[in-house]
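Below is one structure, written out as structure tokens; the observations come after it.
Each reported figure results from applying straightforward, stated rules to the coordinates on display, with no laboratory input. Everything quoted here is computed from the prediction, not taken from an experiment. FYI the Cβ positions are ideal-geometry reconstructions off the backbone, even for glycines, and counts take in every protein chain you see.
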Amino acid sequence: MDERIPGHPVTPYPLTAVVGNRDAVDAVSCVLCNRNIRTVLLIGPPGSGKTVVARAAGSVSGDRRIVEVPLNVTAEQAFGTIDLEEAVSSGRRRVSDSLMRRADGNILIADNANLLPKSILHGILDAVLTGWVMAELDGTSVSEYCDTVLIATMDPSEAELSRHELDRFDICVRMEPIDGMEGRLEVLRRSLVHSHDPAGFRSLYEDSEEELRQRISAADPLSVRLPEWAVPAIQGACSAMGADGHRGDISVAETAVTLAALRGLGETDLQCVRDAIRLCLPHRSRHEDADEDVPDIILDVPETILGEPGQTTVAAPPVSTSGPSTEGSGTWSPSMAAPPVPDAQDVVFEIGRTFTVRDFLPEERGLSRDRDSGRRGLMLSRSAEGRCIGYEIPRGRPKDIALGATIRIAAPKQVHRDRGDLAIAIDGDDIREKIRVRRKGAKMLFVVDGSGSMDAERRMVAVKGTILSILEEAYRRRDMVGLVVFKGDEAEEVLPMTRSVLTAYGILKELPIGGRTPLTSGLRLGHDILRRYCVKREEPVMIVMTDGWGNVNVDPRIRPQEELAATCRVILESPIRPVVIDTEPRGSKFRKAPKLAEMLGAECLLLEEMSADSLSRTVESTLADMETKPRYTR
């Protein structure tokens, strides 16, 4: 059976009709067979069949139904809230129906689990793994028993899961679209038949579905013996893969005996151990760097098991759960070495690699931030606009009443109140006000010295890589990044504020450098561009990459230093938050950038202490602090 959205046609696809992806079918079979295997994660790009496999679990699960987690689920919907009818009529606090209550005894499907709010995902994982749903509702702690399993899917290009979150999945399978003409034709043929005649298509696979149901029902992992040689072999495999903690060891052992039970064996054999390692360890591996080779896992097993002297190996490539890399994976952000800098002419440098960094951007003025949150781009809304995330006791006259919360607070008190003809009596102390947040995209402008100098190569390669690295996240988080380059006699906005990665790459790739250094002109143009964003508490960021030297005046009647100082005062008095990156090498006797940073009221950092990657992550981590920390009661 399949429990879906009311009114939505239910046409489950047979699990045994899935083309290829045998590991995914084995993973689903294991989680349905062994109560000690509770969580499965299917990772793959769009069109790889991960959602089809997850939903198809209901066709071989016997009486268990499929309960799906919607992406917009709230904590109250997922874990329950106060039953208003019960509270009003009897004054007792009882938990209402919830997603986890419906999942009890059934199968929970979380499609695109990586896009769920972290608090919801962690709560679901806790409930599935412990068997208890814990919730704090209006000052009342509630716990309910919940016996369910979780089959989750994710597209790694959309969002990542942390190592801790990945480790909580017993089994993880990487699914890829079917390659080859024959396989693709078979997928297309089966899909067309299923879409035109679902019942007829399912009847074609009824025998194979029934055979798999019988194997899952009859399999008893507790009756399967795990041989003595398998325990050190599994431990050695986990060590070789760099798996943290002990969840990996336990998952491999449980999966190995489950596979043996499904295959009708009384004792786990070498092939079951190999398959279990492939299902349970890659997502726990520390070998996740694309440039780092993952060694084959060497299993020490007795010669009597191998049938010949020696050792056996298991090839276990890591499962990548990160988004598209900015280096060597794709057409828009390759890592290239920069050519030498010719003298006395403009040259074009390619886009450089990214690097790792410390937090350096200044804090946003006058705002509190949630330093424990990994998100950014949200701010408290002072109006009725935005998404409601909770409620609080009003400060003064309430403007946006949280009706549901107000009724829940008042409901248990009704047995002690004179309601008259009212269904429910509400006092002033019961009223709660909504807390709303709205999206706040950050505005970042790089003001870069593009004059011809000995540091030009290092400066331009770094800034190009940094901007593209930030744009990778900007596309998803609604940030905007721009670029001003000052060289020759004036400054130029070469990259208007944008979220388009392709546009940025096309402009940056052809960006030349050379000529004199109109520093003041660059700062003025940067201020003029960001000034339009200095409204409603927004504080855009200006990242100035220069050695601090300027030799071109905007107004020849004013002395260069006086002109520069006046421009810095204007920026200092504005909401713009400047940062100065000094491109001079450490130990230089005539560093001017620190003086520029002092005039701007900004921090001055050395370029050599960062690389395009570190600057990118620094901007990211600093902007994470820009989210205000709401105070609310659940």
Notebook entry, point to check: Can you give the extra length, in nm with one decimal, that the chain gains between residue 164 and residue 423 once fully stretched, where that is 0.36 nm per residue apart less the Cα-Cα distance?
Noted result: 88.5 nm
Item checked: Among beta bridges that DSSP assigns inside the stretch 15-218, antiparallel share in %, nearest 5 -> 30 percent
Note to self: Could you check the spin-label model distance between residue 71 and residue 211? Points 7 Å from the Cα along Cα→Cβ, value in nm.
What the structure shows: 3.8 nm
Note to self: How much length would be gained if the chain were fully extended between residue 267 and residue 204, taking 0.36 nm per residue of separation minus their Cα-Cα distance, in nm to one decimal?
What the structure shows: 19.3 nm
Margin query: Can you tell me how the stretch 15-218 classifies by the Cα gyration tensor, rounded, prolate or oblate, using a/c under 1.5 as the rounded cut?
Written below: prolate
Check: Between residue 196 and residue 387, 0.36 nm times their residue separation minus their Cα-Cα distance comes to what?
Finding: 64.7 nm
Note to self: Quick check: pseudo-label points 7 Å beyond the Cα along Cα→Cβ at residue 403 and residue 157, how many nm apart are they?
What the structure shows: 4.2 nm
Checklist line | Rounded FRET efficiency, nearest 0.05, which uses the C-beta distance separating residue 534 from residue 186 and R0 of 56 Å | finding: 0.45
Note to self: Among the listed pairs 487/592; 509/595; 509/592; 399/443; 118/443, which have their C-alpha atoms separated by more than 23 angstrom in this model?
What the structure shows: 509/595; 509/592; 399/443; 118/443
